[in-house]
Amino acid sequence: MSDPSTVRSGPDRTRRRAAIVVVARAVLIATGLVTAYYLLPLNERGTAGVSALLACGSAAVLLMFWWEVRAIMRSPYPRLRAVEALAATLPLFLVLFASGYYVLEHLAPGSFSEPLTRTDALYFALTTFSTVGFGDITAHSQAGRVLTMVQMAGGLLLVGVAARVLAGAVQMGLRRQSREPSAQPQSRPDNGPRDREAGP
């Protein structure tokens, strides 16, 4: 007879391994996005380039989010997959707006209260997203303020609507899992008392 602790340790070990994979993948995605932000030649873009960057980046955020929601519903670990989805979508969102601030400052110097390096732009994007308020860096130009307002609205959508969608996807994934095992016992033949009574 198998030891219950051994049976229990199998799924626990698998879940632990899945959690490690999710954390490692999330760290790799975030690191890759930030590395790309620092390495891409953003200085060479004009006004049309900034608009294209923001449009393509926004489309990439939406596509990644849609793909992650579908993956959550099919995953054997929907909660872990939701954590990975947030860890992938949030850095992409922040890097996208940081790139916009950085390019805007180089196209129109004086758009912000001080010249922005890439680190300054990323700091400003994170400050705007976390709503801790503005201190040392503020948007001065109309374009800078509009871009900041767009990020604020996008951040509210990401926190409010996206979090609700992810929670719904997790619930659907968990419901799907609970339905799958219940279908298996019904396929087994019933050898209960009725079968014995109706013998030959």
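The values are calculated or read from the model by the stated rules, or taken from the named source; none is laboratory data. Everything numeric in this text was worked out from a predicted model, so none of it was measured. Because the Cβ atoms are built from the backbone with ideal geometry, glycine has one as well, and the counts that use them run over all protein chains shown. What goes into the accessible areas is simple: the full protein's heavy atoms, side chains included, and nothing from ligands, DNA or RNA. Shrake-Rupley method; radii C 1.70, N 1.55, O 1.52, S 1.80 Å.
Keeping all protein chains in the complex and leaving out DNA, RNA and ligands, what accessible area do you get for VAL161 with a 1.4 Å probe, in Å² to the nearest 10?
Answer for VAL161: close to 80 Å² accessible.
So what does ARG17 come to for accessible area, using a 1.4 Å probe and Å² rounded to 10?
140 Å²
By the scheme Lys and Arg +1, Asp and Glu -1, what is the net charge of all other residues having a beta-carbon under 14 Å from that of LEU126?
Every neighbour counted, the sum reads -1.
Once the other residues with Cβ under 10 Å from the Cβ of TYR101 are scored (Lys, Arg +1; Asp, Glu -1), what is the net sum? Intermediate results must be reported in sequence, preceding the final value.
Details: positive: ARG118; negative: GLU105, ASP120.
Local net charge: -1.
Using protein chains only and a probe of 1.4 angstrom, how many square angstrom of SER51 are accessible, to the nearest 10?
Roll a 1.4 Å probe over it and SER51 shows about 70 Å².
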